1. Go through the residues of segment 335-351 one by one and say whether even a single one is touching a strand residue (DSSP E or B) at 6+ places or on another chain (Cβ under 9 Å), modelled with pLDDT of 95 or more and under 25 Å from residue 243 (Cβ atoms).
2. Give 96, 30 a once-over and let me know the one that is surrounded by fewer than 23 Cβ atoms within 10 Å (Cβ to Cβ), within 24 Å of residue 143 (Cβ to Cβ) and without any contact (Cβ under 8 Å) to a residue 60 or more places away in the chain.
3. Would a scan of segment 302-313 turn up a residue that is modelled with pLDDT of 95 or more and within 15 Å of the chain's Cα centre (by Cα)?
4. Is there any pair linking a residue in segment 112-131 that is without any contact (Cβ under 8 Å) to a residue 12 or more places away in the chain to one that is in a loop (DSSP other than H, G, I, E, B) and buried (at least 24 other Cβ atoms within 10 Å of the Cβ), with Cβ under 7 Å and at least six apart or on different chains, and which?
5. If the requirement is being at pLDDT 95 or above, out of contact with any strand residue (DSSP E or B) (no Cβ under 9 Å at 6 or more places or on another chain) and closer than 25 Å to residue 106 by Cβ, which of these qualifies: 62, 41, 58?
6. Taking segment 242-281 as the region of interest, how many residues are at pLDDT 95 or above and in a loop (DSSP other than H, G, I, E, B)?
7. Please give the helices (runs of 4 or more DSSP H) falling wholly within segment 120-228 in which 2 or more residues are closer than 23 Å to residue 281 by Cβ and in contact with a strand residue (DSSP E or B) (Cβ under 7 Å, 6 or more places away or on another chain).
């Protein structure tokens, strides 16, 4: 088993700014730090997801509110605020960001105790909080939480079909989701790769690779487009059908799913050096690059109708960061292709889809939950801010390995 060495706690990657973009990247970094200085203070006791009509972040950890899914604390994005704080801490060395990340992590421990709300995105929740705390600060409690949650994630693996079950069944829905796996899980696999390395136990890596292999077979199409949801028979593991999920329809191309696939496959290659994962990441990348609009704006679905023009800046930020990760593992010619595409996307976000004012807590604007959810069109999402900052830091020569 070809596992990578343990993570460095500081910077690894290219280590150089891309000189042709130094001016606007420097400007973006300064604006990020200026805005996040007060936004972090204002929201230090919250776990944000989106902004309200007043421009203020909501709080998914607020038990006094009724949320659409469980009590809000189990919401799959709840680790990104802590992850953003750890990015800022590594970049600025300001202690308050580590303190705010710790608040996020402490709140998420309740999800482990409650158990019933746990899902496959436990990787998103705890890799960017507890595991980051251990890797950056040496916090032993973060290590324990990380290994515990890795076991919970591994426990969702179905060996009949070699897939990790995505979601739980909801009491108010007449759906059997025991056999459902989704493309997003490619990013959660990094939690298992970390656990394999940290515990010197390859079982976690075996599970991650088996799921990644299933993704190669059933999610990523020959042209590089991607299915969002694939259903398997829970007893035999046989393929049953695909579901449209958050894209336009079955057979379409949900852009955020494309981004999860590209970034996730690049990370699986980083941790295993299996060439099939790298080739899959490149295939998805080429498809995405061919689909990106001339102005750099990314639609919700690359195969959606021309009207209405619904976009997803969150998908754009993830895609850009994934392309920059992929660029670390390819030839110089390919590196130029991927970094140029990433810069095009990020420059479009910077110029047209960011808010640096004090009227809105979020930075990235015009994110969309899905194609058909009209109430979730062109809103803010905390993980869009996370991936935008992560990608800008990469362009600035600081590739903090959170994954």
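1. Within segment 335-351, the first condition is being touching a strand residue (DSSP E or B) at 6+ places or on another chain (Cβ under 9 Å), and the residues that meet it are 349.
If we keep only those that are modelled with pLDDT of 95 or more as well, we get 349.
Those left that are additionally under 25 Å from residue 243 (Cβ atoms): none.
Among the residues of segment 335-351, not one is touching a strand residue (DSSP E or B) at 6+ places or on another chain (Cβ under 9 Å), modelled with pLDDT of 95 or more and under 25 Å from residue 243 (Cβ atoms), which makes the answer no.
2. Working: 30 fails: within 24 Å of residue 143 (Cβ to Cβ).
Of 96, 30, the one residue that is surrounded by fewer than 23 Cβ atoms within 10 Å (Cβ to Cβ), within 24 Å of residue 143 (Cβ to Cβ) and without any contact (Cβ under 8 Å) to a residue 60 or more places away in the chain is 96.
3. Yes; the residues of segment 302-313 include at least one that is modelled with pLDDT of 95 or more and within 15 Å of the chain's Cα centre (by Cα).
4. none
5. Values: 62 fails: at pLDDT 95 or above; 58 fails: out of contact with any strand residue (DSSP E or B) (no Cβ under 9 Å at 6 or more places or on another chain).
Result of the check over 62, 41, 58: 41.
6. Residues of segment 242-281 at pLDDT 95 or above: 242-243, 245-281.
Filter again for in a loop (DSSP other than H, G, I, E, B), leaving 245-253, 273-274.
Qualifying residue count, segment 242-281: 11.
7. Numbers: elements: 122-126, 132-137, 140-154, 185-199, 203-218.
Counting at least 2 such residues, we get 203-218.
For every residue, the table says whether it meets (1) under 29 Å from residue 253 (Cα atoms); (2) within 21 Å of the chain's Cα centre (by Cα); (3) surrounded by 16 or more Cβ atoms within 10 Å (Cβ to Cβ); (4) in contact (Cβ under 8 Å) with a residue 40 or more places away in the chain.
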residue	(1), (2), (3), (4)
175	yes, no, no, no
182	yes, yes, yes, yes
195	no, yes, yes, yes
200	no, no, no, no
207	yes, yes, yes, yes
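The values are calculated or read from the model by the stated rules, or taken from the named source; none is laboratory data. None of these values were measured; they are calculated from a predicted model. Using ideal geometry, Cβ is built from the backbone for each residue, glycine included, and neighbour counts are taken over all protein chains shown.
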